[in-house]
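To start, the structure itself, in structure tokens.
The values are calculated or read from the model by the stated rules, or taken from the named source; none is laboratory data. What you are looking at is a predicted structure, and each value in this text was computed from that prediction instead of being measured. Here the Cβ positions follow ideal geometry from the backbone for every residue, glycine too, while neighbour counts run over all protein chains shown. Heads up: the accessible areas ignore ligands, DNA and RNA and are worked out on the full protein's heavy atoms, side chains in. Shrake-Rupley method; radii C 1.70, N 1.55, O 1.52, S 1.80 Å.
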Amino acid sequence: MEYSLDELMIATMAHQFSGEVMVSSVTAFGALAALVAKKTHAPELAVLATPESGMEVTPLPTLTLGQFLTDVQRGIPLTMEEIFDAIFCDLFRIWINPAQIDQFGNVNISAIGPWQRPKVALVGSRGIPEDTSHLSQIFYYVLHHNPRSVVSRVDFRSGAGNGPERDQLLGRSGAPSLLVTDLGVFTFSGPGGSMAILSLHPGVTREMVQERTAFPVSGFTESIEVTPEPTAEELAIIRKADPLEVRKLELLSGDKAAEKFVAIYERERQALHVAWPARSRI
Amino acid sequence: MNKTLTAEAMVEQISDGASITIGGSSLSRKPMALVRALARSGRKNLTLIVNVGGPEVDLLLGLGVVTKVIYAFVGFEVMGLAPNFRRARQNSNVTFEEWTEYTVMAGLDAAIKRVPFLPTRAGLGTDVLAVNPSFRTITDPFGGETLVAVPAIHPDFALIHVNYADERGNGVILGDGHIDVLCAKAAKTTFMSCERILHGDELQRFGRDVQIMRIHTQGVAELPWGAHPTGCAPEYRADLRHMEEYMEATGDLERWHAYQDRMVWVDHEQYLDRMGGREGLVSRLHV
């Protein structure tokens, strides 16, 4: 069955989820991965509608309607305290999409260039320090694997990777587990907790990976596995749950992205109401 | 006690140099009508304290009335980076202190609990500790472990916007709560705007959704669409068309001043008219 890169990545991300944990839906990729997992191998997942609330909902990727999903589906409202308690208790999973990730799995969403006077000021560490000091599994994904996003050393550590500081202060709590990019799947089990190849996506060569990575990647043995293709069932779940193709936005840029953005924004209320007819609370 | 006040009367109580914590999260339920009233008041040298900041931080930075920002995140979510925040971070005299989501909550909670700090592991192994002079590491007196001490944050004021309130200052939040409750409890003075004021016992039927308790509130204002251009679930979504217009306006000084004239230096009713009036807003944004 034909599939696209976003669908391959989402299915790959879905395979990582297991158990009875909360799963945050920050991005379309993360939300769809959680849904695929829940509908296939991980039925006990507690999927959230937004980064912080609306437990027990079926995600519908949108630009503006996450909280409305909680309302129309009568999701369980949560407080921020409950979200962070779930993080501290290691009962929370999230796919984080950093601007930079380095060879030891440190991640950056704060600043490109020096933090004090950045070349590009990004958004700020948000809740990543909490995740990378408490969770037993930390998942990252990068859509455009290149030497500017997969770097030797991040400009700022918003999230803690592997290294002596982690060993001394945190142990394994919050250590990076996995990175999925548009080229392949990577672990952080190389020398000194560095990035190592686990599988290459279909059609991707080891040379492509090395060319588009700012440091030497380890783990290239004779026979490297190929990332499994999404199944027909997984593809059906993704496509049904994301009729407006919000997932495609993350891979587009320029005019195409702008056009798609407007089309989704104009149509998403209708899509929500078709899926869940609105009911008034008062 | 009837605590209803106009937005203008609320911001009148805020003095130059005040520290203000603001509820909501990026493009969700920001008290934008109160923030615009604050902008019109001419108050300056403000310290802003946010967990997840958005257009409120960006607007006040763009007006040059902010000297310090404590934040875990400032951005426009699906719309990308906040332009005035980005500019100020890259080149200005504004002091920025990067915290994290839980540490902002812990700082406010420490103030509420009247303790000087709360300990956490969040931040260990990151550069947040290196750039944020407010944090210290401490040794656990029981087990000897290294932890981060998050100092109490004592805001002078909190500004929040909720779905419904009563005249006494109880508030109902129906969508995500964000950290509004912590803001309301930690601040010395809390001002709350709402979509609608409910009377008598109408509010109490909302049970646990009455998240803001009147013992923490000093003023209430009925300001329908008061979160615009951010959203207020489950009633209206964020106005991404307007956010686009805003972002374009920040691109040069002339357009930025024109934007202020049209959207900031007008009262709330005029603002809503310029957004297409209530009917126009309903058709574009009501969900």
Revision key, fill the gap. Of the residues in region A:112-125, those that are within 12 Å of B:Val131 (Cβ to Cβ), more than 7 Å from every other protein chain (Cβ to nearest Cβ) and touching an Asp or Glu at 6+ places or on another chain (Cβ under 7 Å) number 0
Review point. Only one of (1) touching a Pro at 6+ places or on another chain (Cβ under 9 Å); (2) more than 8 Å from every other protein chain (Cβ to nearest Cβ); (3) open to solvent by less than 20 Å² (accessible area, probe 1.4 Å) fails for A:Gly54. Which number is that?
Key: (2)
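Condition first: open to solvent by 70 Å² or more (accessible area, probe 1.4 Å) and touching a residue at least 24 places away in the same chain (Cβ under 8 Å). Now tell me which residues in region A:240-276 satisfy that. Before you say what the answer is, go through the steps one by one.
Taking region A:240-276 as the starting set, the residues that turn out to be open to solvent by 70 Å² or more (accessible area, probe 1.4 Å) are A:240, A:243, A:253, A:255-256, A:259, A:266-267, A:270, A:274.
The answer is A:Pro243, and nothing else.
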Check your understanding: Could you list, in sequence order, the residues of region B:203-222 that are out of contact with any Asp or Glu (no Cβ under 8 Å at 6 or more places or on another chain) and among the aliphatic types (A, V, I, L, M)?
Key -> B:Val210, B:Met213, B:Ile215, B:Ala221
Exercise for review: Considering (1) of a type in the set (Phe, Trp, Tyr); (2) within 21 Å of A:Ser173 (Cα to Cα); (3) facing chain B (nearest Cβ under 9 Å); (4) open to solvent by less than 50 Å² (accessible area, probe 1.4 Å), say which one A:Phe88 fails and leave the rest.
Suggested key: (4)
Check your understanding: Restricting attention to region A:207-222, which residues are open to solvent by 80 Å² or more (accessible area, probe 1.4 Å) and farther than 14 Å from A:Val150 by Cα?
Key -> A:Glu207, A:Thr221, A:Glu222
Check your understanding: Does any residue of region A:112-119 turn out to be in contact with a helix residue (DSSP H, G or I) (Cβ under 7 Å, 6 or more places away or on another chain) and under 20 Å from B:Met105 (Cβ atoms)?
Key -> no
Exercise for review: Go through region A:22-44 and give me each residue that's among the hydrophobic types (A, V, I, L, M, F, W, C) and buried (at least 22 other Cβ atoms within 10 Å of the Cβ).
Suggested key: A:Val23, A:Ala28, A:Phe29, A:Ala31, A:Leu32, A:Ala33, A:Ala34, A:Leu35, A:Val36, A:Ala37
Review point. Scanning region B:14-26 for residues that are within 17 Å of B:His154 (Cβ to Cβ) and assigned to a loop (DSSP other than H, G, I, E, B), which turns out most open to solvent (accessible area, probe 1.4 Å)?
Key: B:Ser15
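What number of residues within region B:141-153 are part of a loop (DSSP other than H, G, I, E, B) and away from every other protein chain (no Cβ under 12 Å)?
6
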Exercise for review: Could you look through region B:207-233, keep only residues that are within 11 Å of chain A (Cβ to nearest Cβ) and open to solvent by 30 Å² or more (accessible area, probe 1.4 Å), and pick out the one that is modelled with the highest pLDDT?
Suggested key: B:Gln211
Exercise for review: Inspect all residues belonging to region A:30-47 and state whether any of them is among the aliphatic types (A, V, I, L, M) and within 11 Å of another protein chain (Cβ to nearest Cβ).
Suggested key: no
Point to revise | Subset of region B:165-194 (residues that are within 12 Å of chain A (Cβ to nearest Cβ) and either among the acidic types (Asp, Glu) or under 17 Å from B:Leu5 (Cβ atoms) (or both)) | key: B:Asp176, B:Asp180
Review point. Taking into account only those residues within region A:126-152 that are in a loop (DSSP other than H, G, I, E, B) and within 11 Å of chain B (Cβ to nearest Cβ), which is most open to solvent (accessible area, probe 1.4 Å)?
Key: A:Arg126
Check your understanding: Of these, A:Pro77, A:Pro164, which one is over 24 Å from B:Asn51 (Cα atoms) and either open to solvent by 30 Å² or more (accessible area, probe 1.4 Å) or within 17 Å of the chain's Cα centre (by Cα) (or both)?
Key -> A:Pro164
Practice item. Kindly check whether there is at least one residue in region B:186-197 that is aromatic (Phe, Trp, Tyr) and open to solvent by 10 Å² or more (accessible area, probe 1.4 Å). Key: no
**Study point:** Number of the exception - A:Thr70 against (1) of a type outside the set (A, V, I, L, M, F, W, C); (2) modelled with pLDDT of 90 or more; (3) within 16 Å of the chain's Cα centre (by Cα); (4) closer than 20 Å to B:Glu101 by Cβ
**Key:** (3)
Check your understanding: Looking only at region B:69-103, which residues are closer than 24 Å to A:Ala258 by Cα, open to solvent by 20 Å² or more (accessible area, probe 1.4 Å) and assigned to a helix (DSSP H, G or I)?
Key -> B:Glu77, B:Val78, B:Met79, B:Pro83, B:Arg86, B:Arg87
Practice item. Evaluate the following for A:Ile109: is it crowded, with 21+ Cβ neighbours inside 10 Å and within 10 Å of chain B (Cβ to nearest Cβ)? Key: yes
